[in-house]
1. Looking at (1) away from every other protein chain (no Cβ under 14 Å); (2) under 30 Å from B:Gly64 (Cβ atoms); (3) surrounded by fewer than 24 Cβ atoms within 10 Å (Cβ to Cβ); (4) not aromatic (Phe, Trp, Tyr), which is the only condition A:His232 fails?
2. Checking the condition closer than 23 Å to B:Leu182 by Cβ, touching a residue at least 24 places away in the same chain (Cβ under 8 Å) and either buried (at least 23 other Cβ atoms within 10 Å of the Cβ) or touching a strand residue (DSSP E or B) at 6+ places or on another chain (Cβ under 8 Å) (or both), which residue from B:Ile237, B:Ile268 passes?
3. Determine if segment B:159-174 includes at least one residue that is touching a strand residue (DSSP E or B) at 6+ places or on another chain (Cβ under 8 Å) and within 14 Å of chain A (Cβ to nearest Cβ).
4. Starting from segment B:117-135, keep only residues that are away from chain A (no Cβ under 14 Å), then list their pairs with residues that are of a type in the set (S, T, N, Q) and assigned to a helix (DSSP H, G or I) whose Cβ atoms are within a distance under 6 Å, requiring at least 6 positions of separation or different chains.
5. Please state which of the following conditions A:Pro178 fails to meet, knowing it meets all the rest: (1) within 21 Å of A:Asp253 (Cα to Cα); (2) touching a strand residue (DSSP E or B) at 6+ places or on another chain (Cβ under 7 Å); (3) within 10 Å of chain B (Cβ to nearest Cβ).
6. Cβ-Cβ distance below 8 Å, separation of 6 or more or different chains: which pairs start in segment A:299-323 with a residue that is in the same structural domain as A:Met343 (by the TED database) and end on one that is among the basic types (Lys, Arg) and surrounded by 12 or more Cβ atoms within 10 Å (Cβ to Cβ)?
7. Restricting to segment B:53-102, and then to whatever is within 13 Å of chain A (Cβ to nearest Cβ) and aromatic (Phe, Trp, Tyr), can you tell me which residue is farthest from A:Phe211 (Cα to Cα)?
8. Mind checking which residues of segment A:240-259 are in a helix (DSSP H, G or I) and closer than 12 Å to A:Glu288 by Cβ?
Amino acid sequence: MALSRLSLRSNRFLRPSTTAAALPSSIRRHVSTDTTPITIETAVPFESHLCDAPSRSVETSSAEILSFFRDMARMRRMEIAADSLYKSKLIRGFCHLYDGQEALAVGMEAAITRKDAIITSYRDHCTFLGRGGELVDAFSELMGRKRGCSNGKGGSMHFYKKDACFYGGHGIVGAQIPLGCGLAFAQKYSKEEFVTFTLYGDGAANQGQLFEALNIAALWDLPAILVCENNHYGMGTATWRSAKSPAYFKRGDYVPGLKVDGMDALAVKQACKFAKEHALKNGPIVLEMDTYRYHGHSMSDPGSTYRTRDEVSGVRQVRDPIERVRKLLLSHDIATEKELKDMEKEVRKEVDDAVAQAKESPVPEPSELFTNMYVKDCGVESFGADRKELKVTLT
Amino acid sequence: REKMWGILRQRGIDGGGLSLRRTRSASVSARSYAAGSKEMTVRDALNSAIDEEMSADPKVFVMGEEVGQYQGAYKITKGLLEKYGPERVYDTPITEAGFTGIGVGAAYAGLKPVVEFMTFNFSMQAIDHIINSAAKSNYMSAGQINVPIVFRGPNGAAAGVGAQHSQCYAAWYASVPGLKVLAPYSAEDARGLLKAAIRDPDPVVFLENELLYGESFPISEEALDSSFCLPIGKAKIERQGKDVTIVTFSKMVGFALKAAEKLAEEGISAEVINLRSIRPLDRATINASVRKTSRLVTVEEGFPQHGVCAEICASVVEESFSYLDAPVERIAGADVPMPYAANLERLALPQVEDIVRAAKRACYRSK
């Protein structure tokens, strides 16, 4: 990311790099909590549809940019750890990884509160983490353990965190879109000044139910923000093969839209902030986040039969979201290379510890097979495979 | 009566829904002025149930095609828009997948939607949301996300509406763990079960019957009370008997009762069970009855293969085999899409004589 202009409200913390390197880390460390506002220009301009794009100048702070780095590093390591757990067969079934798309999760969180709602697809591990989910709960869930965020009963595609207004984790492509509009409906019904971000991919962007839900959201002025995470491939199908019009931010037709560099956490933050203000006043808006996933669609997909390895490594070199933030931190003297490397080591240890802890968690009790079917069981019977052998009355 | 309507209407315009919080629906109040024992149509029963639950809980709202300004395609939601306003009664576009998903999302967030399908045939356009977004959520989230939603509307055959508008979905929905599936017969069933469904914290599929809407049933004072509720998962013995058990639901309960009258003339005492609840299925009541009579006839309007009757028969054969004195009997809709011609339609649906014949077979009586 090329930084064109940098304006500082105060230059007290702008040190020439030589002096910075000489200072012991115990004195430098306070920079990570520095919330003095700084403004950064996004590298790529926003493209808008039926609205005026927000400014490219994003208000942030050293503390925030550092938190982006740490949070994205944690998300990255989590997904890489999940990859190896899957290959060791400790994770079964489907495992859809988000590495490459981390900027979206952290940028969005920076713009909103935990009372704004988020709902997404099956590629939900990092979104869960962004909402305050714990690493050990994520790994436990992936490995089908009791400690998992869904007690081991959901799996990779069904992470939830209701107390942070994260409504999952959905396996059916596109279903989360009307559900998200429903969450927005409830926010409006309850007269709360919060919004819902409903995330979906370029594959889901062609679903009929998207247009049905968006029509209702626009008619009823629901505070719904539809976020298309355009990673350019719906499983193995590139956007040019699946969408007659791949300008996803314009597909809302009468609904305004914004196209955003989804690999730039600050641009994501700006867009989400803009979208929230818009949705509260004017109803739905579509955000298209231009992003990329390094892994294939899922762990069953090598991701190399429909795209070249050069393309993947090219994106990694030029657009990686973590590297961009690293460069930003270094060029603004917010942190040194060593500090960032140390931070990455800490994150790596955090993740490794969480994996170890998760491995210790037991599998759910057999009786859990029959729990949580209903809130109100009313003496319902349920059966195992051999109903004469296993019959349970739910209470 | 008109004066009362006039007063209520005026209040609706001035004060909006909240000021009418504790008022009973006009149709109920009007009825209580009629002399003699009380009767109520299924339509009024459903309308009053929704009205009372909306009055009691501001989180309850109604959504569907034509439910508001049109007063409901079958007038079940008549008067509700006027009484509660457009923030409680929502007319939707003809987009089942979209509005059902929106309803389920609203339920995730704690509201209590009553989603109407103009008929359950159209629910197929939204079935992914009913099953995958609603029924399974509490389980997949280990109890974090419950879905207090009601999906209601007419189910099964009407009269002359053809193949695409006549299917019964009881078997489909009742096979899904995580759903509750109810099927009222009488006005009392309609009131008690719908109120229970709206109050229930889990997703409920509420299967009504278009041809029953206009039928009147006697109704008790208890059933007219705004706190009245029927338990979910409990069948009702409509008629006591000792020779054969006839189990059914919805419109077929009326046919079974007629069949029982005919059988009584021939000395066969039939016990008629109205399921009320397809899921949970009241196996205890069914089996207790069969253990008393030793004979079972199950009746449904829907397609015969993999139907509700198949489940009941299997349950009885598994649990009460040694009590059976005859093979179990199934009377169901014909194994064909619903034809239009009146004579063919009649052949495609169970008739009273079919139930009588099956009961006699179970009693080893020839025609």
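The values are calculated or read from the model by the stated rules, or taken from the named source; none is laboratory data. The shown structure was predicted, so the numbers you read here are calculated from the model rather than taken from an experiment. Neighbour counts run over all protein chains shown; Cβ positions are idealised from the backbone, glycine included.
1. For A:His232, the exception is condition (2).
2. Working: B:Ile268 fails: closer than 23 Å to B:Leu182 by Cβ.
Just one listed residue meets the conditions, B:Ile237.
3. Taking every residue of segment B:159-174 in turn, at least one turns out to be touching a strand residue (DSSP E or B) at 6+ places or on another chain (Cβ under 8 Å) and within 14 Å of chain A (Cβ to nearest Cβ).
4. Correct list of pairs: B:Phe117/B:Ser123.
5. (2)
6. That search, which allows pairs on different chains as well, returns A:Gly303/A:Arg293; A:Ile322/A:Arg76.
7. B:Tyr84
8. Filtering segment A:240-259 for residues in a helix (DSSP H, G or I) gives A:240-242, A:248-250.
Residues satisfying the conditions are A:Tyr248, A:Phe249, A:Lys250.
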